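What follows is a set of notes on a single structure, which appears directly below.
The values are calculated or read from the model by the stated rules, or taken from the named source; none is laboratory data. Since the structure is predicted, the reported quantities are computational estimates derived from the model, not experimental observations. Neighbour counts run over all protein chains shown; Cβ positions are idealised from the backbone, glycine included. For accessibility, only protein heavy atoms count, side chains too; no ligands or nucleic acids. Shrake-Rupley method; radii C 1.70, N 1.55, O 1.52, S 1.80 Å.
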Amino acid sequence: MNRRCAVKRCKLNNKGSAIVTVLVVVTFITILATIMLYISASNIQMKAADYRTKESFYQAEIPVEELRAQLVEDVQLAFAKAYTVAVSEYSGLVNAQNSEDNYRRLFCEEMNKIWAGRCPNDEDGNRKWEVGIHLVAAQPTDGGTWSVAVAPSEKFDDSKIFSEGWLILRNVEFVYDSSEGYTSIISTDYCITIPELQWPDTNGHYSAAGAGTEERLNFSSCVNYMNWTKR
């Protein structure tokens, strides 16, 4: 009888069960909070890395755009000089096509003269494009640095000057290294379209889009990127 009562009292005695329940709940909450904190920290790190990567890319784009802006100015200057000479020589040429070819040749020569003044030649006679590009594009002010490499060549690729009416500065590669160790590389060709002209007819009249009105020409659209890649 006494043994039966003792067993019954033992079954009814639940002291300490609340502590066990609390410990289980606290442990579960701690594990859940740790997981959430880990995920949050990972997301913050990923966003920070993404931000720095994008910032590195934007910094790499700056000299790319600065070179394009300079080429636009060069196109405007080369056009003015080439057009002036081409018009003065127009009467001595047989037809409008000869005048157009003469104008394109003069434009190409002027563009090369401009960059010959910025870039010395190396021992093989190739133009040191990198020197000229560093003159027209400033280094970043955020502590990073950029460098540029251009495929060796004597001048702008003018193989399309008569068939297509444009020049190409090929394989220009900008490398930006941020102060935080991030690197962005942008490679592109610069396609320079020669501004189009309308030559006068037999009566000496120009069309509405004719030459002699430099303001009507959109020089910004004359310089575009080709084979643009980023890594």
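Summary table below
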item	result
Candidates 106, 77 - the one that is among the hydrophobic types (A, V, I, L, M, F, W, C) and open to solvent by 70 Å² or more (accessible area, probe 1.4 Å)	77
Top-ranked residue in the stretch 163-175 [being farther than 30 Å from residue 55 by Cα and in a strand (DSSP E or B); ranked as most open to solvent (accessible area, probe 1.4 Å)]	166
Yes/no for residue 160 being of a type in the set (Lys, Arg), closer than 23 Å to residue 217 by Cα and outside any strand (DSSP E or B)	yes
Qualifying residue in the stretch 176-184 (condition: under 19 Å from residue 70 (Cβ atoms) and either at pLDDT below 90 or buried (at least 18 other Cβ atoms within 10 Å of the Cβ) (or both))	yes
Count of residues meeting criterion [closer than 15 Å to residue 113 by Cα and open to solvent by 30 Å² or more (accessible area, probe 1.4 Å)] in the stretch 65-74	2
Residue satisfying condition, being part of a helix (DSSP H, G or I), open to solvent by 80 Å² or more (accessible area, probe 1.4 Å) and either at pLDDT below 85 or out of contact with any helix residue (DSSP H, G or I) (no Cβ under 8 Å at 6 or more places or on another chain) (or both), within set 31, 62	31
Members of the stretch 121-154 that are modelled with pLDDT under 95, within 29 Å of residue 180 (Cβ to Cβ) and either part of a loop (DSSP other than H, G, I, E, B) or acidic (Asp, Glu) (or both)	137, 138, 139, 140, 141, 142, 143, 144
Filtered residues of the stretch 85-120 (kept if at pLDDT 90 or above and among the polar types (S, T, N, Q))	102, 112
Count - residues of the stretch 80-92 that are of a type outside the set (S, T, N, Q) and open to solvent by 60 Å² or more (accessible area, probe 1.4 Å)	4
Among the candidates 42, 56, 99, residue that is open to solvent by less than 90 Å² (accessible area, probe 1.4 Å), of a type in the set (Ser, Thr, Tyr) and free of Cβ contacts under 8 Å to residues at least 40 places away in the same chain	42
Residue list for the stretch 109-137, filter: among the aliphatic types (A, V, I, L, M) and open to solvent by 60 Å² or more (accessible area, probe 1.4 Å)	131, 135
Residue in the stretch 185-198 that is modelled with the lowest pLDDT, counting only those that are outside any strand (DSSP E or B) and open to solvent by 30 Å² or more (accessible area, probe 1.4 Å)	198
